[in-house]
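Working notes for the structure below.
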Amino acid sequence: MHGSQTYLSKTRLEAFSDAVIAIIITIMVLELRVPEGADYAALRSVVPVFLTYVLSFAYLGIYWNNHHHMLHATDQINGGILWANLHLLFWLSLIPFTTGWMETNDFAPLPTALYGVVLLLAAAAYFVLQAAIIAAQGPDSRLRRAVGRDAKGKASLVLYAAALPLAFVNNWISIGIYVFVALMWLVPDRRIERLAGGLSVELDR
């Protein structure tokens, strides 16, 4: 670890990121509205809101999980990584806003597209953070070996980009794409765990 380039430990960076993501999730929970009424009809009226919350919660959980694994394979932190991490947290912090706007307007095309814009930019920010870490550690780093060609990450960017114009054609197609990408990432990638655990296994996507 190069002391002249490092002014925040990996542990503090991870703790800060965990706290921010926890706050984002808390904000989303507080925006859930109580049903107006005490019957099943009132409960059914909030089902779309709840499902949207579940989708956004899943996305935040996926980022938290992958962020944790990525930092586990990181040996040093520099200024570029710090700013790249803040860049990612910025886009994640907008998820409660776009979630609320989308469900309040019954998944109208523009809010649905904007939700996708935030997901696209968050994915791009994660890619930038990953690249910054690899650049700091070198091409032979554990993270570089674990990432490989990053086919799933690149496919996610393409799918998000496709969902944006499709929201104005059929908003449910875009919602379906968002759900599909989330399902792609729900199963955690074990390669970083294997490499961090000392296994000399190099896998490629």
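The values are calculated or read from the model by the stated rules, or taken from the named source; none is laboratory data. Here the structure is a predicted model, which is why all the values come from computation and not from measurement. When we count neighbours, we look across all protein chains shown, and the Cβ atoms used for this are built from the backbone with ideal geometry, even at glycine. Accessible surface is based on the protein model in full, side chains and every heavy atom, while ligands, DNA and RNA are left aside. Shrake-Rupley method; radii C 1.70, N 1.55, O 1.52, S 1.80 Å.
Tell me, yes or no, whether region 35-44 has at least one residue that is in contact (Cβ under 8 Å) with a residue 60 or more places away in the chain and either among the small types (Gly, Ala, Ser) or over 17 Å from ILE95 (Cα atoms) (or both). For region 35-44, residues in contact (Cβ under 8 Å) with a residue 60 or more places away in the chain and either among the small types (Gly, Ala, Ser) or over 17 Å from ILE95 (Cα atoms) (or both): absent. With respect to the conditions (1) open to solvent by 40 Å² or more (accessible area, probe 1.4 Å); (2) in contact with a helix residue (DSSP H, G or I) (Cβ under 9 Å, 6 or more places away or on another chain); (3) closer than 15 Å to TYR59 by Cβ; (4) modelled with pLDDT under 75, PRO188 lacks only one, and its number is (1). For region 166-183, what are the residues that are within 17 Å of MET102 (Cα to Cα), open to solvent by 40 Å² or more (accessible area, probe 1.4 Å), touching a residue at least 12 places away in the same chain (Cβ under 8 Å) and assigned to a helix (DSSP H, G or I)? Scanning region 166-183 gives TRP172, VAL179. None of ALA151, ALA124, ALA132 is of a type in the set (Gly, Ala, Ser), closer than 22 Å to TRP64 by Cα and open to solvent by 40 Å² or more (accessible area, probe 1.4 Å) except ALA151. Of all residues in region 46-73, those satisfying the criterion of being of a type in the set (A, V, I, L, M) and in a helix (DSSP H, G or I) are VAL47, VAL49, LEU51, VAL54, LEU55, ALA58, LEU60, ILE62, MET70, LEU71. Of TYR63, TYR115, all but one fail to be in contact with a Leu (Cβ under 7 Å, 6 or more places away or on another chain) and of a type outside the set (Asp, Glu); the exception is TYR63.
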